[in-house]
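Contents: one structure, followed by commentary.
Readers should treat all values here as calculations from the given coordinates under stated rules, not as data from a laboratory. Owing to the predicted nature of the structure, the values given are computational and were not obtained by experimental measurement. Neighbour counts run over all protein chains shown; Cβ positions are idealised from the backbone, glycine included.
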Amino acid sequence: MNEREFDAARRYRNPVVPGFHPDPSVCRVGEDYYLVTSSFEYFPGIPVFHSRDLVHWRQLGHVLTRPSQLDLRGARSSGGIYAPTIRWHDGRFWVIVTNVSHGGNFMVWAQDANGPWSDPIYIDQGGIDPSLFFDDDGRVYYTGTHWAEGELPGIAMFEIDMRTGAKLSEPAVVWHGTGGRCPEGPHLYKIGGRYYLMIAEGGTEYGHSVTIAVSDSVRGPYEPCPRNPILTQNRLMAEDCEIQGAGHAELVEDHRGNWWMFFLGYRLSEAYFHHLGRETFLAPVTWEEGWPRVNGGEPIRGEMAGPLPAWEDAQEAPIRDDFSAGIGCVWNWLRNPVAENYACDGAGLSLKGTDVGLSDGANPTFLGRRQEQFDMRCGTLVQSAEGEVGLTVFYNEAHHYDLCLENGEVLLKKRVGDMACVAFRAPWHGPCVLRVEADRKRYAFSYGAPGGERRDAGTALTRLISTEATSLSFTGVYLGLYARGGSARFGWMEYENLGV
């Protein structure tokens, strides 16, 4: 069989989009597939990916790239952008999303997934996790969460004007779910002439799950599947399965007529801790007696098999980025950046620090990329440094490890909750290579002259910057370059995944 031909049992690895990429939404255009995920307090917002085989995803860029689209001023950690939905209709891509920090629910559109995307069309509707459904008769329906004092939480629906965002009908709750807490993440589909409403329940922790209901009318009533939840990992002990928290899903029919489910989940580093964030997973779906069955009813694992529509050779990202082509789409800032504090001149990256630091919960001079695997290696060449300049392993303002140069010394700083310390210090002058290597349980920091011997600077535990060690949070670890109170020049940054 030709390598690119259909294989009913082709094996693939989960997650298909590793690292902090939660709340996946996917649409198909012919034989092309497009995926978006949440981005919270990071700028630009909503990474958008393309694939031809559902497994190998290449990032095209971001949906929200301008301050007029994405205001993150003052956004708390794990605030900002929640749960986008992407749809293709009548020659346009549509993305609908919530900015919980500024503006609420809104839509943007583009004729090309590469952009440019329009400015927001705001919708006067509370709640989060909005989704769009384009019916056969030309009507378009909004679904999203509904909370009201004295009422059960549920999923609200109304007809929407896509030109203005105006409501064309009164919002009405169409389903409360099956009794799990936090009914959210709704998506509506028309399959075989019937309307299927799929949601997440149980909260985005160990009890997370996917449930589904069906109706002959778009407005309901919706009858739940007798096998609900159709996806959950909460019956599996962490000792038996590292993948937990599966939920917030999307159904997709591929161009060969096979069905798939994309959903978020997370991989445990040890015990009940995870620090890479919620990631995007994939499972095959079959239909039995009018209901979807995910992965044949078997648990979600790191290695899976299914009737993939094609197979593309994986294209590994370059290990070293010297910023000669500018700042690529893999990089993010914390909240809206001050643009003049970042410069690429074809031979490196210059940062101008301010008095805002990593622990301030604002917009420090920071440029970071997601940690994608437990086992990885990351390093940077600091060519010059004034003030505090370095490499950070960053979860949020209260949980980060920083290997930096400051006042003629190299230091390892640790911030965990309300505790902060300098764990290592040694004299240093001149250019310096700062490095961190990781496995599931530890980060190991080192430094040295370019081309010279590495010197140990200490270790730090992954679990202390995990989601479970923080207050309510939804993100994952970034590896970042930063400057405070001075300026810096970085020659390059390397990032290499060492495992799966």
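Quick one: Cα centre-to-centre distance for segment 273-331 and segment 416-441, in angstrom? Rounded to whole Å, the Cα centres lie 32 Å apart.
Treating the beta-carbon of each Lys and Arg as +1 and of each Asp and Glu as -1, no other charges, what is the dipole magnitude of the chain about its Cα centre, to the nearest 20 debye? Spell out each step's value before the answer.
Numbers: 45 positive and 64 negative charges, 146 e Å.
Rounded to the nearest 20 debye, it is 700 debye.
Run the dipole for segment 9-75 about the Cα centre, Lys and Arg Cβ at +1, Asp and Glu Cβ at -1, nothing else charged, and hand back the magnitude in debye, nearest 20. The partial results should precede the final answer.
On the way: 8 positive and 6 negative charges, 53 e Å.
Charge dipole, segment 9-75, about its Cα centre: 260 debye, nearest 20.
Cross-link partners of Lys167 among aspartates and glutamates, defined as those whose alpha carbon lies under 14 angstrom from its own and excluding same-chain residues fewer than eight positions apart: Asp124, Glu159.
Using 0.36 nm per residue, how much length does the chain from Thr286 to Arg425 gain when fully extended, once their Cα-Cα distance is taken away?
Details: separation 139, 0.36 × 139 = 50.04 nm, distance 5.76 nm.
Computed gain between Thr286 and Arg425 is 44.3 nm.
Say a paramagnetic label sat at a point 7 Å from the Cα of Glu31, along Cα to Cβ; which residues of segment 39-80 have their backbone N under 13 Å from it? Flagged as within label range: 52-54.
When the Cα positions of Trp260, Val416, Ile86 are compared along the charge dipole of the chain, Val416 comes out farthest toward the positive end, with charges on each C-beta of Lys, Arg, Asp and Glu. Between Arg73 and Ala314, the modelled labels are 4.3 nm apart [label points 7 Å from Cα along Cα→Cβ]. Partners of Lys413 within straight-line reach, counting lysines whose Cα lies under 22 Å from its Cα and excluding those fewer than 8 residues away in the same chain: Lys352, Lys441. Residues in segment 243-257 carry Karplus couplings, in order, of 8, 9, x, 6, x, 6, 10, 9, 9, 9, 9, 7, 6, 9, x Hz; the curve used is 6.51 cos²θ - 1.76 cosθ + 1.60 with θ = phi - 60°, and Gly or Pro positions show x.
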